[in-house]
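First comes the structure, then the notes that go with it.
The values are calculated or read from the model by the stated rules, or taken from the named source; none is laboratory data. If you're wondering where the values come from, they're calculated on a predicted model, not measured in any experiment. Neighbour counts run over all protein chains shown; Cβ positions are idealised from the backbone, glycine included.
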Amino acid sequence: MFLAEKASACPARSRRRAVFGVAAAILSTAAAWLPSAHAQQQPTITFGAALSLTGRVSTEGRQVKVGYDLYVEEINKRGGIKVGGKPHRVEIKYYDDQSDAATSVRLYEKLINEDGVKLLLGPYSSGITFAASAVTEKYQLPMVAAHAAASNVYARGFKHLFATLTPVDQYTANMIRMASQASPKAQRVALIHENALFPQAAIDAAERQAKAAGLEVVYKEAYPTGTKDFAAMIEAMKARNPDALIAGGYTGDMIVLARQTSEQKVPLKMIGFTLGPTLPGFVEALGPRAENILEPVQWTSDMPWKDEIFGWTAAEYASLCRERLGRECDYHPPQSTAALQVYQRAIERADSLDPKKVRDALAQTNIMTAYGPVRFNEMGQNIAKGMSVVQLQNGKPVVVFPVEGAKARFVYPMTAR
Amino acid sequence: MLTLQIVLSGVLLGGLYACMAISFSVIWGVTGLVNLAHGAMILIGAYFSWWLHVLTGIDPFLTIPLSAGLLFVIGYLLQRYLLERVIRASLIMTLVLTFGLNMVLVNILLQLFSADVRAVTMPYASAALEVGGLRLPWTRIAVFAVALGLTALLHLYMSRTRSGNAIRAVAQNPRAAATLGIDARRVRALAFGIGAGLAGAAGTLMAALYSFSPITGDSFTMKSFVIVLLGGLGSMVGTIVAAVVLGVCENLVSGLGAPGLRDAVSFLMLLAILLARPRGLFGGRHAGEARAR
């Protein structure tokens, strides 16, 4: 009886619900129109970006968007960017490059020629930025990139490309500094890298930095991509009696390298890899043999930076970002947010949206963000922020350098393996 | 002393290479298939042992019978119901099919285990045999011993048992074997299963030494191919010798010369052997030519 009543009541209720639904839809459409009508009264600054929202690097690409969007939301909440005394709303015109450089080039052409965007933000990855920045350079429009660490991106004499992240030739600088400041000093350094663009650039720079710091490079070799066994290289390296090993390459290679240095009992005082220790699988694969290995990182929420525009500390940024992304943020979002803050300061200083004037002001950038300080060299690379160094301690990565942001003491020499 | 150490570690490396290459050679020699999914089968063995290790903490060496058994079943079924269909087709068809099979297996591994890099490090990984300044890690010695042990078992099976003899008969002349009442299809499935099982065991051994992800299998296929050609198809001794020679040469180049030339060495050796002695170091007339038609 009760059930039957309920069943008969249902159609009426659902009809009523449908009416409500339509009304709500109309209202919300109207509401959606309101701000944009409002926006038409307020002038707008439109940035353009093609991001890898689908495809091979979409995981990272979406994080880039989180960083860009975080900025847009906050700046609009605070009234926008002032140009000529008038506050401007900020908008970003997005496209999806499907993780493909050729598509990215087409989309930046479209942003510039069809959408009339004059201020461009970078895409994700060195390869895509390499291609896309050639477009903006051609049209002499500024691009502030956030995600291209490879040095060849900046070695083309481009005048309109800037990037917030620390370039690859600075990856090892702080580890070399740690080696030379440690006591007793890690005097004899061995360098190993995969024969690929990125690791080679990082380790070549390490050699220069080590020599400049008065350390001795006792072994330096490259291995071909796909190498499975390092036993022979490690024997040769061991014979030169190194104190420190700094290596760069694919994560799987670094796992084998770490394990085989332990198998052959190379008495190393420190090991640093440009990539690997913080990635999933590394600690699980090596167990206690991963202990005390170092990795340079662009950013962590432990860093002592405090944003000069929004007043966020790195930790506050991390919690905002976590809310938005639904999980812990790595360095991708803050590095993206910083790119827009760099733009904001340049626009304010130029007091103009003219791309030439903005470009000149960008070159003079000197700001502090939650991601760290930003100042560009003549190639457009950020030289103000070094890499922080994390060390695996009890299986967890903790910041040990620079000392101001350090959560733990640098364990040196590393525990015997 | 350094040179001796490097040579010895090359010999140990050669043991693992031999195990991989012989499994490739058995399949090629008996069924005539150049199995491009070889690397993927090695990885299935590696992942199976890794998975058992993560689940139960079992030592990878103890999982060898399990991974070999799993791959035997997979191999037997694949040959019986899939690859048998192209056994008389042109070489290019068999390559296309095993290439496709490789992609399917790699993608299954990616779905099951993601692209993260895996490795198994046992607590005893740093224990080593130390004699007069030489240092040979026990894990590597064990891998070498197991690999050669399995190869010896295979040799005994092939020469002493009835089904082993049937496999050899089919490899040498399938038509003559058939007239003697040997069911060539069943024998080929058996041989493929044995080859795959050995690949699975090699995968477990590999997992005890190296890191791996679903996309790292192709280099094993390549290496196995080179070794089989070097040693001569159908010659077990030849394959072992070639594997050890390759391991030692690679190590000498990486340790004393330029590591960058490591892969070049194996291909230069292959080129030289193909020019000077196309049948390989120990290649007989039968196995290769029975299938060359």
- Selection from region A:67-95 of residues among the β-branched types (Val, Ile, Thr) and without any contact (Cβ under 8 Å) to a residue 60 or more places away in the chain yields A:Ile92
- Could we say that A:Lys228 is on the phi > 0 side of the Ramachandran plot, within 12 Å of chain B (Cβ to nearest Cβ) and either basic (Lys, Arg) or buried (at least 24 other Cβ atoms within 10 Å of the Cβ) (or both) here? no
- Message: Looking only at region B:102-159, filter to residues that are among the polar types (S, T, N, Q) and within 14 Å of chain A (Cβ to nearest Cβ); which one of those is farthest from the chain's Cα centre (by Cα)?
- Response: B:Ser126
- Tabulated pairs, region B:246-261, first within 7 Å of another protein chain (Cβ to nearest Cβ) and surrounded by 20 or more Cβ atoms within 10 Å (Cβ to Cβ), second part of a helix (DSSP H, G or I) and hydroxyl-bearing (Ser, Thr, Tyr), C-beta under 9 angstrom, 6+ apart or interchain: B:Asn251/B:Ser9; B:Gly255/B:Thr3; B:Gly255/B:Ser9
- Query: Which ones in region A:249-296 are within 14 Å of chain B (Cβ to nearest Cβ), β-branched (Val, Ile, Thr), under 24 Å from the mean Cα position of the chain (by Cα) and not in a helix (DSSP H, G or I)?
  - Reply: A:Thr278, A:Ile293
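Residues are listed down the side, and each one gets a yes or a no for (1) buried (at least 20 other Cβ atoms within 10 Å of the Cβ); (2) modelled with pLDDT of 95 or more; (3) farther than 24 Å from A:Tyr154 by Cβ; (4) among the β-branched types (Val, Ile, Thr):
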site	(1), (2), (3), (4)
A:Ser301	yes, no, yes, no
A:Leu325	no, no, yes, no
A:Val358	yes, yes, no, yes
A:Asn366	no, yes, no, no
A:Ala384	no, no, no, no
- Taking region B:222-232 and keeping only residues that are among the β-branched types (Val, Ile, Thr) and either buried (at least 23 other Cβ atoms within 10 Å of the Cβ) or free of Cβ contacts under 8 Å to residues at least 12 places away in the same chain (or both), one is left with B:Ile227, B:Val228
- A:Ile246 fails exactly one of the following numbered conditions: (1) free of Cβ contacts under 8 Å to residues at least 24 places away in the same chain; (2) more than 8 Å from chain B (Cβ to nearest Cβ); (3) of a type in the set (A, V, I, L, M); (4) buried (at least 24 other Cβ atoms within 10 Å of the Cβ). What is the number of that condition? (1)
- Note on the structure: Of (1) in contact (Cβ under 8 Å) with a residue 24 or more places away in the chain; (2) touching a helix residue (DSSP H, G or I) at 6+ places or on another chain (Cβ under 6 Å); (3) farther than 24 Å from A:Ile293 by Cβ, A:Glu235 fails just (3)
- Message: Just checking, does region B:267-280 include any residue being within 14 Å of chain A (Cβ to nearest Cβ), closer than 30 Å to B:Leu52 by Cα and either part of a helix (DSSP H, G or I) or in contact (Cβ under 8 Å) with a residue 40 or more places away in the chain (or both)?
- Response: no
- Item | Complete set of residues in region A:158-194 that are surrounded by 24 or more Cβ atoms within 10 Å (Cβ to Cβ), out of contact with any Lys or Arg (no Cβ under 6 Å at 6 or more places or on another chain) and within 12 Å of A:Ala244 (Cα to Cα) | A:Met175, A:Ile176, A:Ala179, A:Val189, A:Ala190, A:Ile192
- Pairs with Cβ under 6 Å, 6+ apart, first in region A:354-369 and in contact (Cβ under 8 Å) with a residue 60 or more places away in the chain, second crowded, with 17+ Cβ neighbours inside 10 Å and in a helix (DSSP H, G or I): A:Val358/A:Ala346; A:Val358/A:Ile347; A:Val358/A:Ala350; A:Leu362/A:Ala346; A:Thr365/A:Val342; A:Thr369/A:Ala338; A:Thr369/A:Gln341
- Query: Given the structure, is A:Ala315 farther than 26 Å from A:Gln209 by Cβ and outside any loop (DSSP other than H, G, I, E, B)?
  - Reply: yes
- Message: Here are the criteria: (1) out of contact with any strand residue (DSSP E or B) (no Cβ under 9 Å at 6 or more places or on another chain); (2) crowded, with 24+ Cβ neighbours inside 10 Å; (3) not aromatic (Phe, Trp, Tyr). Tell me which single one A:Ala339 does not satisfy.
- Response: (1)
- Verdict on A:Gln98 being free of Cβ contacts under 8 Å to residues at least 60 places away in the same chain, outside any strand (DSSP E or B) and closer than 30 Å to B:Ala115 by Cβ: yes
- Residues (under 27 Å from A:Ser52 (Cα atoms) and among the aliphatic types (A, V, I, L, M)) located in region A:321-352: A:Leu325, A:Ala338, A:Ala339, A:Leu340, A:Val342, A:Ala346, A:Ile347
- Number of positions in region B:7-38 that are within 14 Å of chain A (Cβ to nearest Cβ) and surrounded by fewer than 24 Cβ atoms within 10 Å (Cβ to Cβ): 3
- If we ask which residues in region B:124-169 are over 18 Å from B:Gly14 (Cα atoms) and among the charged types (D, E, K, R), their number turns out to be 4
- Query: Which of the residues that make up region A:222-237 are closer than 24 Å to A:Ala182 by Cβ and either modelled with pLDDT under 95 or among the β-branched types (Val, Ile, Thr) (or both)?
  - Reply: A:Ile234
- Kindly indicate whether B:Val265 is modelled with pLDDT of 90 or more and surrounded by fewer than 22 Cβ atoms within 10 Å (Cβ to Cβ). no
